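Worksheet for the structure shown next.
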Amino acid sequence: MRAVFAIPGDMDRRTGGFIYEATVLRTLRALGHDIAHLRLPDGFPDPSPVEIAATFDLLDRVPANVPILLDGFVPGTVDPDGLARLAAPLVPIIHHPLGLETGLPPDRAAFLLANEAASLRHATRIVVPSPHTARILAAEFGVPTARITVAPPGFEAPGGPRRPVTPPLILSVGLLAERKGHDVLIAALSRIADLDWKARIVGAAHDSVLVDALAAQMRAAGLSDRIVLTGELDAAALRTTYAEASIFALATRYEGYGIVFGEAMGWGLPIVGCAVGAVPDTVGDAGLLVPPDDPDAFAGALRRLITDAPARNALSAAAARAGAALPRWRDTARVIAAAVDEAVEEVRGGRGPA
């Protein structure tokens, strides 16, 4: 297979979508496919007019017989008519619709949802990481299910045995952004301050105002010595942190998949999360899921896992079983390669998008 993978900016950023795309690109190459990396401007998902023009200039240069795997930030933010004019078959990877991001102004969310729906009409195939995102695109964006390929992210076996520390470590991993619900986690932890625990929140700062607010929230709750905002960790440090943890907790307000939940299950960590988006499908019986934005319910689930060893051990065993059954990155890459091949055949046969 020959294709171009168009990704904005630094594809090695440590967020779920970029981890997915960068790993798929490298795995496709390892499988023998001819995949060129086309670096798009950095500004997505909020590109300037100049960056949008530069993006189309780059995409226009791709030959008509070379399909484009397209990062999911692009369809929602560029001119759909510009995508319609491209000669190459388009295969966007939609992790979750941009307009569903938490905290967007209503007019911005409405624009992104309408623009993405219009853009996806010009895709030959669409790759999504979960059945949940497939259902959203079909039901709310009018995408025919036959044009959607579900390719869940892959996972590799943990880098070593677990070594839980004392007091028990509650680990949360996720970009420091409003959607990840770290404020809810901190509020929940303040409700179980009578118990013995430590917590680490791992993730790069997306919004400095939010980071300051989280730090202030921790100080106000008297938890600054028990909760650490570690920032982004490299792969080795993150493996060590997973190995030391006893519980994984993420109060996310929405996920199109949630790679970190799969990572936690791979380590056999019992999970506390929220019943939103793709999280129930991803976590299954490996965790306790509560309503979003409910610190009391989240605290109750954490308290149960800290104080009830049999319940914690049962969920840990369920997580380990689920983690062992997750696909590997080669499985993901093979599914995507098949979707690209199908896109090429559809265009050749005159069955591409209208």
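The table below lists the values:
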quantity	calculated
Cβ-derived FRET efficiency at R0 45 Å, Ala325 paired with Ala139, nearest 0.05	0.95
Extended-chain gain in nm, criterion 0.36 nm per residue less alpha-carbon gap, Arg108 and Ala157	13.7 nm
Residues with amide H under 5 Å from that of Arg328, placed H, sequence gap 5 or more	Phe155
Sorted by Cβ density within 10 Å, fewest first, the residues His122, His132, His182	His122, His132, His182
Ranking of Ser224, Ser48, Ser316 by count of other Cβ atoms within 10 Å, fewest first	Ser48, Ser224, Ser316
Global geometry of the stretch 136-205, whether rounded, prolate or oblate, following the gyration tensor of its Cα atoms and the 1.5 cut on a/c	oblate
Gain upon complete extension [Asp81, Arg29; 0.36 nm per residue less C-alpha separation]	15.6 nm
Estimated translational D of the chain in µm²/s (Stokes, Kirkwood radius over Cα pairs; 37 °C; 0.692 mPa s)	156 µm²/s
Pairwise label distance in nanometres, Arg219 with Ala309, each label 7 Å out on the Cα-Cβ vector	4.0 nm
Order of Arg125, Arg85 - criterion: other Cβ atoms within 10 Å of each residue's Cβ, fewest first	Arg85, Arg125
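Taken together, the values in this text are just the output of simple stated rules run on the coordinates, not laboratory data. Since the model is a prediction, treat every value here as computed from it, not as a measurement. As a convention, Cβ positions derive from the backbone with ideal geometry for all residues, glycine included, and neighbour counts pool all protein chains shown.
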